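This structure is in structure tokens; I'll ask about it shortly.
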Amino acid sequence: MADVEDTTKRKHLVTTIKERCRVCYTCVRECPAKAIRIINGQAEVITERCIGCGNCIKVCSQNAKVFRNETDRVKQIINSGNPVAAIVAPSFPAEFSEIRNHRLLVSLIRALGFKYVAEVSFGADLVAGEYKKVLNTQTYPPVISSDCPAIVSYIEHYHPDLIGSLANIVSPMIAMGRVMRKRYGKNLNVVFIGPCIAKKDESPEIDAAITFRELRDMISQRGLKPADVSATEFDPPLGGKGGIFPVSRGLLNTVGIKEDIFERNVIVAEGRSAFQEAIKEFESGQIAQEHLELLCCDGCIMGPGMSPYPFFSSLSRRYRKRASVSDYVLHKLETMDIKQWEKDYEEFCTIDMFRAFTNRDIRYVKPDTKEIDAVLQKMGKNGPQDFLDCGACGYDSCEDHAIAIIRGLAEHEMCLPFTIEKLHNYIRELNVSNEKLANTQEALRHSEKLAGMGQLSAGIAHELNNPLGIITMYSNILKDEANADDPIRTDLELIAEQAERCKKIVGGLLNFARKNQVNFADVNINHLLEQAISTVIYPPTVKISLESMIRNPMVQIDIDQMTQVLTNLMKNSVEAMPEGGGLIQVRLTEADDDISIHIADTGTGIETENMSKLFTPFFTTKPIGKGTGLGLPIIYGIVKMHKGNISVKSNADPGKGQTGTTFTIMLPRIAKS
Ligand code: ADP
Ligand code: MG
């Protein structure tokens with residue numbers, strides 16, 4: 001049995017450029033190994049779980065995923081002075097379609113310092129021959145081809161039970177490396193150049209593996225152009241039909257193997273969904289009689305190491321690439337020296353093509369249902385009706401997403417419906433806060449205004465108090481001195497009466513300005529209300545009711561001031577019902593630490609535009625001599641001195657139902673200093 005590898009020591013193959021990652025979860029979705037973790041809103045490849053298929057690189061529209069660049073390592077190998085061979089994957093015509101004559105490409109590679117430049121396709125010829133030998137044995141159990149390193153890695157990591165089904169045959173790259181060393185010396189360094197990034201970690205036999213993209217970089221860094229070199233052919237041995245392998249839907253289909261195997265069919269599955277499905281069916285025994293040819297990409301020509309098409313990135317140019325490779329191979333087959341190829345084949349087909357596989361089992365244990373359900377519930381998914389399986393998170397189902405969260409690979413926020421719902425709630429909360437803020441601002445503006453007016457009023461009141469006292473006193477003295485029948489007496493009486501009225505107004509102003517002291521006393525609020533009601537003068541058409549819904553009637557308040565508040569409010573109510581009379585309902589309610597007095601009338605109501613002016617001193621809608629506009633400002637001042645609150649609701653529009661006004665005064669039970 002194969003050994004278990006310590007995967008933690010592996011070098012990363014793919015990394016994320018954090019600044020570029022826009023967290024669209026496309027890489028999560030396209031990763032067959034689910035080796036991408038979203039952490040703090042960033043996608044991160046988990047090296048130990050990565051199979052190197054490069055799907056994430058291909059699908060990232062932001063180019064946020066990059067593979068390990070090994071050009072520096074290749075330069076080092078070349079500079080070491082040891083002879084180095086470049087072995088070029090058969091998909092090269094698809095990459096370098098602009099270089100019509102492949103010999104110019106060969107010379108460009110040579111110019112980088114490679115002593116030999118050979119084709120991997122000869123290795124593919126040998127490997128195909130090996131498959132043929134093995135599979136022609138009728139008793140041979142069905143195999144899974146092992147030429148795609150990402151597939152091998154996938155099986156070793158995620159389906160280790162199938163390791164026994166992998167063909168024990170090396171890949172064309174390894175075969176070619178062995179060929180080169182046999183022909184050009186054991187110490188030869190071998191560098192693979194191809195479309196694949198999984199090759200970088202395939203085997204220590206190959207000194208470095210770079211992609212076509214990296215090769216282009218090296219060529220352009222050296223400022224080399226096809227025009228600067230003269231054409232040279234690949235170094236022998238030259239490849240034959242194996243060159244068609246990257247486009248011919250797999251190695252088993254190459255060089256006529258398929259036709260030679262009568263007993264069994266070859267199922268070819270390319271691309272991430274297809275190969276996963278095929279493995280699942282193979283593992284479950286549904287297709288146990290067929291050989292599997294699996295490729296991670298849609299043919300090697302679509303590998304992540306191919307340069308992206310610069311002009312239309314959405315254009316894969318798949319068929320253009322296929323055509324380039326087939327043109328090259330067809331032309332080669334027409335012109336090749338068959339005799340020489342057969343000689344080479346004879347010479348090298350004896351080299352050892354065996355390879356073994358390693359159990360790298362890295363599968364997770366499935367969490368228990370309870371744990372999964374708890375995570376699902378956290379995302380607002382309480383039953384099948386909530387499992388949308390929309391795939392927006394990158395996982396096929398809500399359950400898979402929940403499992404990934406438990407494993408620390410995913411975050412709740414990746415669930416789009418959940419996040420949208422959350423956002424809606426935020427917006428709602430924000431609206432409520434905004435509204436509260438606006439109300440508070442309005443109240444603040446109001447109290448600032450009142451405070452300003454309070455200061456002014458207090459000043460005026462203070463100045464007026466003394467002269468008014470003098471007017472009252474002297475008019476009374478003069479009145480007393482005048483004869484009883486002197487007509488001036490009535491004038492003096494009027495002066496004294498009006499001066500008295502002025503004093504009252506001034507007293508009110510002082511109240512409003514909170515310049516008065518509050519004398520708190522323990523009071524039974526029920527009694528206070530009964531008494532206040534009894535002092536109000538009201539016509540017989542008006543009915544007053546009192547309803548107390550409190551169990552504890554004791555409060556600490558200033559009796560005189562609170563009586564003034566209540567009588568003022570009831571007076572206003574009476575005045576709002578001039579003709580037909582109506583009803584005044586006084587109600588008492590309580591909460592833990594406070595009580596509320598509600599005074600509701602069926603009067604005319606207050607026009608909406610007047611609502612904000614009610615507590616402004618001197619605002620009145622009553623005729624001169626009737627209203628002073630000081631009632632409510634004084635009430636406001638008193639309530640505030642009691643650390644309470646006053647609010648008002650009113651309807652003045654009979655179209656909207658019964659007109660009327662309700663004032664509510666909330667007072668803390670215990671007087672606070
Ligand atoms: P005044 O009663 O001297 O006008 P107030 O400050 O007591 O001054 O009231 C200001 C104004 O608020 C009143 O003129 C009236 O328009 C309005 N108002 C107060 N209470 C009521 C009520 N219960 N019903 C209708 N309007 C009211
Ligand atoms: Mg009034």
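Mind counting the residues in the range 333-374 that are in a helix (DSSP H, G or I) and hydroxyl-bearing (Ser, Thr, Tyr)? Give the derivation first.
Let us first name the residues in the range 333-374 that are in a helix (DSSP H, G or I), namely 333-335, 338-348, 369-374.
With the extra rule that they be hydroxyl-bearing (Ser, Thr, Tyr), the set shrinks to 335, 345, 369.
Going through the range 333-374 one residue at a time, the tally reaches 3.
Scan Ile599, Ile595, Ile584 and give me the residue that is within 14 Å of ligand 1 (Cβ to nearest atom), within 18 Å of Ile635 (Cα to Cα) and either among the charged types (D, E, K, R) or not assigned by TED's automatic domain parsing to the domain that holds Lys449 (or both). I'd like the intermediate steps shown before the answer.
Values: Ile595 fails: within 14 Å of ligand 1 (Cβ to nearest atom); Ile584 fails: within 18 Å of Ile635 (Cα to Cα).
Exactly one of Ile599, Ile595, Ile584 is within 14 Å of ligand 1 (Cβ to nearest atom), within 18 Å of Ile635 (Cα to Cα) and either among the charged types (D, E, K, R) or not assigned by TED's automatic domain parsing to the domain that holds Lys449 (or both), namely Ile599.
Taking only pairs six or more apart or across chains, which ones have beta-carbon atoms under 7 Å, a first residue in the range 483-497 that is under 15 Å from Thr472 (Cα atoms), and a second residue that is at pLDDT 85 or above and part of a loop (DSSP other than H, G, I, E, B)?
These pairs meet every condition: Arg489/Ala482; Leu492/Ala482.
Given the residues Pro668, Pro633, which is the only one that is under 47 Å from the mean Cα position of the chain (by Cα) and not assigned by TED's automatic domain parsing to the domain that holds Glu448?
On the way: Pro633 fails: under 47 Å from the mean Cα position of the chain (by Cα).
So the residue among Pro668, Pro633 that is under 47 Å from the mean Cα position of the chain (by Cα) and not assigned by TED's automatic domain parsing to the domain that holds Glu448 is Pro668.
Those residues that are crowded, with 17+ Cβ neighbours inside 10 Å, among the β-branched types (Val, Ile, Thr) and more than 20 Å from Gly644 (Cα to Cα), I need them from the range 528-557; list them, please.
Hits for the range 528-557 are Ile533, Val536, Val542, Ile544.
Looking at (1) out of contact with any strand residue (DSSP E or B) (no Cβ under 8 Å at 6 or more places or on another chain); (2) outside any helix (DSSP H, G or I), which is the only condition Asp522 fails?
Status for Asp522: all satisfied but (1).
Can you confirm whether the range 53-69 contains a residue that is without any contact (Cβ under 8 Å) to a residue 40 or more places away in the chain, surrounded by fewer than 19 Cβ atoms within 10 Å (Cβ to Cβ) and under 24 Å from Tyr158 (Cβ atoms)?
Yes: one or more hits.
Could you run through the range 607-634 and say how many residues are at pLDDT 90 or above and touching a Leu at 6+ places or on another chain (Cβ under 7 Å)?
2
I'm told Pro617 meets every condition in (1) closer than 22 Å to Ala532 by Cα; (2) within 16 Å of ligand 2 (Cβ to nearest atom); (3) not hydroxyl-bearing (Ser, Thr, Tyr) except one. Can you identify the failing condition by its number?
Only one criterion in (1) closer than 22 Å to Ala532 by Cα; (2) within 16 Å of ligand 2 (Cβ to nearest atom); (3) not hydroxyl-bearing (Ser, Thr, Tyr) is unmet by Pro617, namely (1).
Give the number of residues within the range 470-504 that are among the polar types (S, T, N, Q) and not in a helix (DSSP H, G or I). Quick ask: steps written out before the conclusion?
From the range 470-504, those among the polar types (S, T, N, Q) are 472, 475-476, 483, 490, 498; that's our starting set.
Now restrict to residues that are not in a helix (DSSP H, G or I): 483.
Count: 1.
Here is a list of conditions, (1) over 58 Å from the mean Cα position of the chain (by Cα); (2) surrounded by 12 or more Cβ atoms within 10 Å (Cβ to Cβ); (3) of a type outside the set (D, E, K, R), and Ile338 meets all of them except one; can you say which number that is?
Just one mismatch for Ile338, condition (2).
Can I ask one more? For Ala128, are the conditions met, namely being in contact (Cβ under 8 Å) with a residue 40 or more places away in the chain, under 23 Å from Arg318 (Cα atoms), in the same structural domain as Lys186 (by TED's automatic domain parsing) and aliphatic (A, V, I, L, M)? Break it down into steps so the answer makes sense when it comes.
Working: in contact (Cβ under 8 Å) with a residue 40 or more places away in the chain: yes; under 23 Å from Arg318 (Cα atoms): no; in the same structural domain as Lys186 (by TED's automatic domain parsing): yes; aliphatic (A, V, I, L, M): yes.
Answer is no for this residue.
Tell me whether the range 259-272 contains one or more residues that are modelled with pLDDT under 95, crowded, with 21+ Cβ neighbours inside 10 Å, within 21 Å of Val329 (Cα to Cα) and under 44 Å from the mean Cα position of the chain (by Cα).
The answer is no; no qualifying residue exists.
Considering each residue of the range 620-658, count those that are within 13 Å of ligand 2 (Cβ to nearest atom) and closer than 24 Å to Asn519 by Cα, and give that number.
7
Okay, residues lined up against (1) surrounded by fewer than 17 Cβ atoms within 10 Å (Cβ to Cβ); (2) more than 30 Å from Ile670 (Cα to Cα); (3) among the hydroxyl-bearing types (Ser, Thr, Tyr); (4) more than 8 Å from ligand 1 (Cβ to nearest atom):
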| site | (1), (2), (3), (4) |
| --- | --- |
| Ile559 | yes, no, no, yes |
| Leu569 | no, no, no, no |
| Asn572 | no, no, no, no |
| Gly603 | no, yes, no, no |
| Leu614 | no, no, no, no |
| Lys622 | yes, yes, no, no |
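Also, I was wondering about something else. Which residue, of Asp522, Asp560, is assigned by TED's automatic domain parsing to the domain that holds Asp653 and at pLDDT below 90? Please lay out each step first, then the result.
Working: Asp522 fails: at pLDDT below 90.
Within the list Asp522, Asp560, the selection yields Asp560.
Now for a separate question. Could you go through the range 435-454 and let me know if any residue there is closer than 22 Å to Lys503 by Cβ and either in contact with a Leu (Cβ under 6 Å, 6 or more places away or on another chain) or surrounded by 11 or more Cβ atoms within 10 Å (Cβ to Cβ) (or both). Even if it seems obvious, please write down each step before you answer.
Filtering the range 435-454 for residues closer than 22 Å to Lys503 by Cβ gives 453-454.
The next check asks that each one be either in contact with a Leu (Cβ under 6 Å, 6 or more places away or on another chain) or surrounded by 11 or more Cβ atoms within 10 Å (Cβ to Cβ) (or both); those that pass are 453-454.
Checked against the condition, which is being closer than 22 Å to Lys503 by Cβ and either in contact with a Leu (Cβ under 6 Å, 6 or more places away or on another chain) or surrounded by 11 or more Cβ atoms within 10 Å (Cβ to Cβ) (or both), the range 435-454 yields at least one hit.
Can you tell me which residue within the range 593-606, out of those that are within 16 Å of ligand 2 (Cβ to nearest atom) and of a type outside the set (Gly, Ala, Ser), is nearest to Ala576 (Cα to Cα)?
Taking the range 593-606 and keeping what is within 16 Å of ligand 2 (Cβ to nearest atom), we get 599, 601, 603-606.
So of that shortlist, the ones also of a type outside the set (Gly, Ala, Ser) come out as 599, 601, 604, 606.
Working: Ile599: 13, Asp601: 8, Thr604: 6, Ile606: 9 Å.
Within the range 593-606, the match that is nearest to Ala576 (Cα to Cα) is Thr604.
Table: residues versus (1) over 20 Å from Gly627 (Cα atoms); (2) at pLDDT 85 or above; (3) basic (Lys, Arg).
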{"site": "Leu444", "(1), (2), (3)": "yes, no, no"}
{"site": "Ala451", "(1), (2), (3)": "yes, no, no"}
{"site": "Gln455", "(1), (2), (3)": "yes, no, no"}
{"site": "Ile460", "(1), (2), (3)": "no, no, no"}
{"site": "Asn466", "(1), (2), (3)": "yes, no, no"}
{"site": "Ile477", "(1), (2), (3)": "yes, yes, no"}
{"site": "Asn483", "(1), (2), (3)": "yes, yes, no"}
{"site": "Asp491", "(1), (2), (3)": "yes, yes, no"}
{"site": "Ala499", "(1), (2), (3)": "no, yes, no"}
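Inspect the range 26-38 for any residue being modelled with pLDDT under 90 and assigned to a strand (DSSP E or B) and give the result as yes or no. Break it down stepwise before answering.
Quick first cut of the range 26-38, residues modelled with pLDDT under 90 only: none.
So far as the range 26-38 goes, no, none of its residues is modelled with pLDDT under 90 and assigned to a strand (DSSP E or B).
When you go through Gly223, Gly194 one by one, which is the residue that is more than 30 Å from Asp344 (Cα to Cα) and assigned by TED's automatic domain parsing to the domain that holds Val14? Can you show your working first?
Values: Gly194 fails: more than 30 Å from Asp344 (Cα to Cα).
It is Gly223.
While we're here: Report, by residue number, each residue of the range 86-104 that is crowded, with 24+ Cβ neighbours inside 10 Å, out of contact with any Ser or Thr (no Cβ under 7 Å at 6 or more places or on another chain) and among the aliphatic types (A, V, I, L, M). Spell out how you get there, then give the answer.
Kept after step one, since they are crowded, with 24+ Cβ neighbours inside 10 Å, are these residues of the range 86-104: 86-95.
Now restrict to residues that are out of contact with any Ser or Thr (no Cβ under 7 Å at 6 or more places or on another chain): 86-89, 91-92.
Selection gives Ala86, Ile87, Val88, Ala89.
Does the range 325-335 hold any residues that are surrounded by fewer than 12 Cβ atoms within 10 Å (Cβ to Cβ) and either at pLDDT 95 or above or polar (S, T, N, Q) (or both), and which are they?
Restricting attention to the range 325-335, the residues satisfying the condition of being surrounded by fewer than 12 Cβ atoms within 10 Å (Cβ to Cβ) are 334-335.
If the condition is that a residue be surrounded by fewer than 12 Cβ atoms within 10 Å (Cβ to Cβ) and either at pLDDT 95 or above or polar (S, T, N, Q) (or both), then Thr335 is the only one that fits.
Residue-wise test of (1) of a type in the set (S, T, N, Q); (2) outside the structural domain of Ile39 (by TED's automatic domain parsing); (3) not in a loop (DSSP other than H, G, I, E, B).
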residue	(1), (2), (3)
Ala323	no, no, yes
Gln377	yes, yes, yes
Gly380	no, yes, no
Cys390	no, yes, no
His401	no, yes, yes
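The values are calculated or read from the model by the stated rules, or taken from the named source; none is laboratory data. The shown structure was predicted, so the numbers you read here are calculated from the model rather than taken from an experiment. With ideal geometry, Cβ positions are generated from the backbone for all residues, glycine too; neighbour counts draw on all protein chains shown.
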